[in-house]
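Below: the structure, in structure tokens.
The values are calculated or read from the model by the stated rules, or taken from the named source; none is laboratory data. It should be emphasised that the depicted structure is a prediction, and the values quoted were computed from it without experimental measurement. No Cβ is skipped: glycine too gets one built from the backbone with ideal geometry, and neighbour counts run over all protein chains shown. Accessible surface is based on the protein model in full, side chains and every heavy atom, while ligands, DNA and RNA are left aside. Shrake-Rupley method; radii C 1.70, N 1.55, O 1.52, S 1.80 Å.
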Amino acid sequence: AFYRNLYVPNNMAIALAGDLDPARAFALAEAAFGKATRSATLPSKPPAPSAFPGHTDIEKRLDLKDAWTTLSFTGPGYRHPDRLAMEVIARALGGHGGSPIDSALARAQAGSAPRVLYYRLEDAGMLYVGLTPASPELSYAGAESALKEILAFKKRGLTEAETRAYAGRILREESLRAE
């Protein structure tokens, strides 16, 4: 019952590599798996969000010695054409050549050490901004300073030269990783 329920086409991923014709490869995969019984108990894949649904404050108290505050924003998945744009945004906010979020936290005396990353997932990505507040009581002030800087960054944007430089660096690093 376990295999009949989970080892089904609507719970599989197929990876193909090499010099192949995408249409022919799709036809072969469809011929091999297209008529197989699907699981009725697995939920269908939810659609990607079409708009920002708003924010949610989540406070989870843990027995930790150091305070840590995060802001997370969903974005496009790994294969989406806008993925590189999100990675450029993460680089621009995250301190390669001076972090604007770090400067905002220092001005507000609310925290330090921001880490800005873009996690690439299959169907969605996550722009993750983590910071160390100056004290646990300043967690919200730190988050507010970081969010204000993100909004200011959104308003001022990047020059074409900055965008090309960030994108070029990211593509070179991915090429080196692939080698």
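A few notes on this one:
- Leu121 being modelled with pLDDT of 90 or more and touching a Phe, Trp or Tyr at 6+ places or on another chain (Cβ under 8 Å): no
- Within region 76-99, residues that are open to solvent by less than 20 Å² (accessible area, probe 1.4 Å) sit with their Cβ atoms under 8 Å from residues that are assigned to a loop (DSSP other than H, G, I, E, B) and at pLDDT 90 or above, at 6+ positions apart or across chains, in these pairs: Val88/Leu158; Ala92/Leu158.
- Filtering region 119-140 to residues that are open to solvent by 30 Å² or more (accessible area, probe 1.4 Å) and within 23 Å of Ile170 (Cα to Cα) leaves Tyr119, Arg120, Leu121, Glu122, Asp123, Ala124, Met126, Tyr128.
- Selected residue (only one of Leu28, Leu16 is in a loop (DSSP other than H, G, I, E, B) and surrounded by 10 or more Cβ atoms within 10 Å (Cβ to Cβ)): Leu16
- Of all residues making up region 131-179, the number that are over 20 Å from Ile58 (Cα atoms) and small (Gly, Ala, Ser): 8
- Some residue of region 3-10 being polar (S, T, N, Q), over 23 Å from Gly77 (Cβ atoms) and assigned to a loop (DSSP other than H, G, I, E, B): no
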